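Novice: Pasting a structure here, questions to come.
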Amino acid sequence: MNKQPEITAQTRKNLIDAFWSLYCEKRIEKITVKEITQKAGYNRGTFYEYFTDVYDVLEQIEQFLIPTLNELPPITMPDNNMGMPVDVFLKLYEQNSKYYSVLLSDNGDPAFASKLKNSTKPMLKQAFSRNYDLDPVEFDFILEYVLSGMIGIMSYWFRQDKILPAENLIALMYDVMENGVMKRLSR
C-alpha cells in the first residue's frame, strides 16, 4: 500500500461510513463485504487492504470509541463524597452518541457495554482507592452495578429523545445512587 496517507485515510473512512450506515439498519450477521464496498464505491480488494472482515470493521470502530485512561478526565472526589462522575460519562456518551446509541441498543453489540465498563473501571478503582479502604471484590461488584445502571439509563435517555434535560438526568442519577430507589419513589 504505497498511497498517499490522506487518500488511504479517506478510503478507510468511506468504508467505515458505508459499514456504519448498513449497521444502523441491520445486524452485523446480515452485512456483507460486497454491500459495504458497493455502498462505498470500492472493490472487495480495497476493503481487505484495511479490514479482515465485517467484524473487524466493528471492532476498529469500538476500539476508537472506548476511552483510554489517558483520554478520560481525572476523577476528584471533593468532600469525601463517593458519587460516581455521572457528568463525565454523560459527556462521553453525548460526544459519541451517533455510535453509542446504536452499539448499546437491542440490535447493537452486546459486548460493547462490557468493553466500555472495563475501560473505565481501572480509573474509578484508582480514584476511590485513594480515599476509601474498599474490599476489591465487593467494589468490583459495586462498579459493575453502577456502571451498568449508568449505561442503561443513558441509552434509555437517548432512545427517549432526551425528554429529560441533561442536568435533571444527572441529578436523578446522583439522587438514586445516594438515596436508593425506594427513597426516591416514596417522595
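Readers should treat all values here as calculations from the given coordinates under stated rules, not as data from a laboratory. This is a predicted model, so every value here is computed, not measured. Ideal geometry is used to build each Cβ from the backbone, glycine not excepted, and the neighbour counts take in all protein chains shown.
Novice: Report ³J(HN,Hα) in whole Hz for each residue of the range 127-135, in order, from the Karplus equation J = 6.51 cos²θ - 1.76 cosθ + 1.60 where θ = phi - 60°; Gly and Pro get x.
Specialist: 5, 6, 5, 5, 10, 9, 9, 10, 5
Novice: Quick check on packing: order 106-117, 124-135 by the mean number of other C-beta atoms within 10 Å, highest mean leading.
Specialist: Working: 106-117: 15.7, 124-135: 12.8.
Going by the mean number of other Cβ atoms within 10 Å, highest first, we get 106-117, 124-135.
Novice: Relative contact order for the range 5-61: what percent, with Cα pairs under 8 Å and sequence separation of 6 or more? Could the numbers behind the result be given before it?
Specialist: On the way: 33 pairs, mean separation 20.9, N = 57.
Taking the mean separation of contacting Cα pairs over the length of the range 5-61, I get 37 percent.
Novice: Which pairs, out of 125/183; 115/183; 13/98; 26/91; 91/115, put more than 24 Å between their alpha-carbon atoms?
Specialist: From 125/183; 115/183; 13/98; 26/91; 91/115, over 24 Å: 125/183; 115/183; 26/91.
Novice: Of the labelled options (1) 59, 34, 27; (2) 61, 48, 35; (3) 48, 37, 33, which one gives Cα extents along the principal axes in Å as computed for this structure?
Specialist: Among (1) 59, 34, 27; (2) 61, 48, 35; (3) 48, 37, 33, the one derived from this structure is (1).
Novice: Right, here's the next one. Three principal axis extents, largest first, for the C-alpha atoms of the range 1-64, in Å?
Specialist: Rounded to whole Å, the extents work out to 34, 24, 17 Å.
Novice: If you put +1 on each Lys and Arg Cβ and -1 on each Asp and Glu Cβ, how big is the dipole of the chain around its Cα centre, in Debye rounded to 20?
Specialist: Computed about the Cα centre, the dipole is about 480 debye.
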